[in-house]
Each structure stands twice: as C-alpha cells, then as structure tokens.
Amino acid sequence: MIGLAILGATGSVGVSTLDVVARNPGRFAVRALTGCRNWRVLLEQCRRFSPSVAVLADDDAAAELAAAVAAEGLAVEVRSGAAALEDAARREDVDAVMAAIVGAAGLLPTLAAARAGKRVLLANKEAVVMAGRLLNEALAASGGTLVPIDSEHNALFQCLPDGRNDPDGAGVVSLLLTASGGPFLDTPLEALAGVTPDAACRHPNWEMGRKISVDSATMMNKGLEIIEACWLFGVGPERVRVVIHPESIVHSLVEYRDGSVLAQLGNPDMRTPIAHALGWPERMLSGATPLDLVALGQLSFRPAEPERFPCLGLAIAAAQAGGGAPVVLNAANEAAVAAFLAGTIGFTSISSVIDSVLAQYAGPDPADLEAILALDAESRLSAEEKIRDLAL
Ligand code: NAD
Ligand code: MG
C-alpha cells in the first residue's frame, strides 16, 4: 500500500485524485487530507477515506470539523494552521504527496514534502515558479522524486526518456506546450474589458478551480507553465514554445534533433495525468473516457495573439529575466486575479497590475526561502496599490 497525503484535497485536483484512488482499491492508504475552509467537504472525505489526520488552514473551520468528527466517532485527528500542513506533507507513513493547494500558499508544504524525500505529485505550479531551484535542490538532497500533474508537464514527462533533466543528452530541441486559449479565444478584443468573472471561469474544455480558470483566460497559466517546464526539465525559456490547440487533446509535445516530435494525447480529464503520476511507472485505471479520434475528426493549432494575451508576454519576459522576476510575476498575478474575481478590477486590468509591479522590480535576486517570501509579500503590497488605482 502506498501512503498518500493530499494537500488541497477539497479542490478540483484533490477531488479528482480521490476519485482515482477510489477506482484502484487496495493500492493506496490515504493518511492525510487537507483543505482551507471547506470543512463539510473534508468531513465527507474523512468518512469515505479514513485518513489519520485532516488539516484545515483556517482555525474556525477546523473547530467545526473537529466537532463533527467527534460527534460521528471518526478516528481522525483534526489539526489547523500552516505548521500542520507541513507536518501532513512529511509524515513517516506517507510515501507520496499530492501537492494541489492553489497559489503561493502551497509553497511551504510542497517544499516540506520535497525535503522529506517523498514522491511529490506536483499540481501546485505556483510553488515551482516561486522556488524551482529550492525544490530541485531539496529533492536532490533528500532523494525525493517529482512527477508532474499539470497535464502539459505530465505529457512532456511521458514523451521524454529517463533522465528527463538532461535535454541535450537526449537530443531534445524544444518542448512545445499546448494551450486551449481559454473562453475568450475568439471574443472581440474590445469586449474583453467588460467580461465577468463567471464568463472567465467558464472554460471550454476543463473544469478547474477559479484562480487557474482566470489564468487560462489570460494565458498567464501558460506563462507560469513555461517557467514550470524550465525547472522541471532543465531547459531555458527559449526552448519552450507555446501553440494554441483549442480542442485540448494533444497535451504537449517534445521535438527531437532528428525531426521526431512525440506527443501525448487524451481527452481533457485531469484524472489521466493524476492516475499516471499516482501509478508511475505502472498504468492504472483513471475513469477517463477513451479517446475517439474518428469522432473528433480534426485537431487544430494556431499561434497565440500577443495583443489578446499580454499576460503571456509578461510571463515570458519574467522567465527570461529570471532571479526574482517570476516571484514578482506570480504574486502580482495572484493579487490581480483575486481582485478580478472579487469584482474590484476589470479583466484587462489584470495585466496592467502585473506590468506595473514587474516594472518597479529591480533585484537583488532572492537568495533563500526567506528572501522569496519577503519578495512575494512586497510584490503583493505594490499590486494592492495598483489595484486601488484601477478599482472599478
Ligand atoms: P481549487 O481552487 O479547486 O482547490 C485549491 C485547494 O487548495 C483547495 O483544497 C483549497 O482548500 C486549498 N487552499 C486554498 N487556499 C489555501 C490556503 N491558503 N492554505 C491551504 N490550502 C488552501 O484549485 P485547483 O484547480 O484544484 O488547482 C490546484 C493547483 O493545481 C493549482 O496550483 C493549479 O494551478 C494546479 N492545476 C490545476 C488543474 C485543474 O485542472 N484544476 C490543472 C493543472 C494544474
Ligand atoms: Mg496545465
């Protein structure tokens, strides 16, 4: 039995992970489940999966959960707060950690899993964008492994040979990330300023949490994924390319020196990369519908228009600048997306906020975790200032 901790169990990736676990009885023992405030969903998961510990980031929500768990006589320890999240990630009886908290909040528990030598199943791309070097160093020092959950990176992982972080030795020319283009791919440019949060979260192919849905609509998601790919596969940003593929069937491709291009295909269902990473190197059932190419008929590809997706350009610039720029980019984006979702700023102001915060940034590069967290906090403060200027 593989001992499993699921960080962000109550979210979109977390729920899909438990769905895959339930389809493969006898393979996994769920030891730890975590959430933020949604204690009712976590309670239901405790009933079904009997973890040893359930953690909520929020103290009040944890008190509600603890009362409900006691009333039902469930043998689950309930904890709350940041230290409890990290403890869940490094438990001795845990072999693999699904890192599926959204945003910078996932960094410390993900790093704790890497430092403890776990198999890290990585969905929380913001943690890699902020601290890719520290994560890689922690995995190398502890003997831990990382299997990507993000569908594009999971596809690249499947299309690369073993020794995935030696692209030159493997004859890799470039990594090609596909992007759906999100819900506004064909919206007239002049209408973008007035789109609503609900429209931005109505993704054509994927059902995801609200933050990543907005990131997909701005294509900041693809920008973060370029930086993620650089850290995961040891390439510079000039070797990661992006192509729009509205059907979301080809999840990404690797181009080799001899002209071969390897791709991974499948219906857009996160349970496929999740099952791949949970079972790797074996294949497991995921519940995903088999791909029917004849029913699909056609697959299409096109370039990303820079004026439609300014966030993609900002992310590429931050990837090229390196150092602290990706930390600043990520923090400003999280603040701007939260403000857009709250109805404080318009959709097109998201890129304006990030642009202005990035423009103010002038090193020094963060040397360690404390410096990264300080730069993250500082960038959020300057983003909040800009958000006040742009408030509707
Ligand atoms: P979600 O919003 O549905 O779920 C987020 C989870 O994180 C929830 O369990 C929530 O309780 C928890 N959380 C939120 N804030 C927290 C905090 N401050 N402290 C502790 N826990 C907190 O998000 P999601 O769509 O499942 O995405 C999770 C991560 O996976 C993101 O980094 C996202 O980019 C990545 N990802 C998601 C998908 C997808 O299909 N949903 C695909 C690829 C990558
Ligand atoms: Mg992705």
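The values are calculated or read from the model by the stated rules, or taken from the named source; none is laboratory data. The structure presented is a predicted model; accordingly, all values stated were derived computationally and were not measured. Methodologically, a virtual Cβ is constructed for each residue, glycine included, from the backbone with ideal geometry; neighbour enumeration extends over all protein chains shown. For the accessible areas, the whole protein counts, side chains as well, though only heavy atoms, and no ligand, DNA or RNA atoms are used. Shrake-Rupley method; radii C 1.70, N 1.55, O 1.52, S 1.80 Å.
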Any pair with Cβ under 7 angstrom, 6 or more apart, that starts in region 144-165 at a residue that is more than 16 Å from Pro268 (Cα to Cα) and within 16 Å of ligand 2 (Cβ to nearest atom) and ends at one that is open to solvent by 10 Å² or more (accessible area, probe 1.4 Å) and in a loop (DSSP other than H, G, I, E, B)
Val147/Trp280; Phe157/Arg164
Looking only at region 98-117, which residues are in contact (Cβ under 8 Å) with a residue 40 or more places away in the chain and assigned to a loop (DSSP other than H, G, I, E, B)?
Ala100, Ile101, Val102, Gly103
Would you check which residues across region 331-368 are farther than 15 Å from Cys201 by Cα, in a helix (DSSP H, G or I) and open to solvent by 40 Å² or more (accessible area, probe 1.4 Å) and list them?
Ser352, Asp355, Ala359, Gln360
In region 141-161, anything away from ligand 1 (no atom under 12 Å from the Cβ) and at pLDDT 95 or above is listed as Ala141, Ser142, Gly143, Gly144, Thr145, Leu146, Val147, Leu156, Phe157, Gln158, Cys159, Leu160
Within region 152-160, does at least one residue satisfy the condition of being surrounded by fewer than 16 Cβ atoms within 10 Å (Cβ to Cβ), out of contact with any helix residue (DSSP H, G or I) (no Cβ under 6 Å at 6 or more places or on another chain) and farther than 26 Å from Ala116 by Cβ?
no
If we scan region 65-75, do we find a residue that is among the β-branched types (Val, Ile, Thr), away from ligand 1 (no atom under 14 Å from the Cβ) and in contact with a helix residue (DSSP H, G or I) (Cβ under 6 Å, 6 or more places away or on another chain)?
no
Starting from residues that are open to solvent by 20 Å² or more (accessible area, probe 1.4 Å) and within 13 Å of ligand 1 (Cβ to nearest atom), keep the ones in region 105-122 and report whichever is nearest to the chain's Cα centre (by Cα).
Ala105
With criteria (1) of a type outside the set (S, T, N, Q); (2) surrounded by 19 or more Cβ atoms within 10 Å (Cβ to Cβ); (3) closer than 24 Å to Pro167 by Cα, Cys201 comes up short on (3)
Pairs where the first residue, in region 360-384, is within 25 Å of Ile350 (Cβ to Cβ) and the second is in a loop (DSSP other than H, G, I, E, B) and open to solvent by less than 50 Å² (accessible area, probe 1.4 Å), C-beta under 7 Å, 6+ apart:
Tyr361/Gly324; Gly363/Gly323; Gly363/Gly324; Pro366/Gly324; Ile372/Pro366; Leu375/Gly324; Leu375/Pro366
Output yes when any residue across region 268-284 is open to solvent by less than 10 Å² (accessible area, probe 1.4 Å), under 17 Å from Glu152 (Cα atoms) and in a strand (DSSP E or B), and no when none is.
no
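Residues checked against (1) among the small types (Gly, Ala, Ser); (2) in the same structural domain as Asn330 (by TED's automatic domain parsing); (3) in contact with a Lys or Arg (Cβ under 8 Å, 6 or more places away or on another chain); (4) within 16 Å of ligand 1 (Cβ to nearest atom):
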| residue | (1), (2), (3), (4) |
| --- | --- |
| Val172 | no, no, yes, no |
| Leu177 | no, no, yes, yes |
| Arg210 | no, no, no, yes |
| Leu224 | no, no, yes, yes |
| Val242 | no, no, yes, yes |
What do you reckon, is Ile244 under 16 Å from Leu177 (Cβ atoms) and not acidic (Asp, Glu)?
yes
Can Leu33 be described as on the phi < 0 side of the Ramachandran plot, outside the structural domain of Lys222 (by TED's automatic domain parsing) and within 20 Å of the chain's Cα centre (by Cα)?
yes
Being within 17 Å of the chain's Cα centre (by Cα), away from ligand 1 (no atom under 14 Å from the Cβ) and modelled with pLDDT of 95 or more narrows it down to one of Cys201, Cys230, so name that one.
Cys230
Identity of the residue in region 225-240, in contact (Cβ under 8 Å) with a residue 40 or more places away in the chain and outside any helix (DSSP H, G or I), that ends up nearest to ligand 2 (Cβ to nearest atom):
Val240
Residues being within 14 Å of ligand 1 (Cβ to nearest atom) and over 22 Å from Val254 (Cα atoms) - total across region 123-140:
6
State the number of residues belonging to region 244-255 that are within 16 Å of ligand 1 (Cβ to nearest atom) and either buried (at least 24 other Cβ atoms within 10 Å of the Cβ) or small (Gly, Ala, Ser) (or both).
3
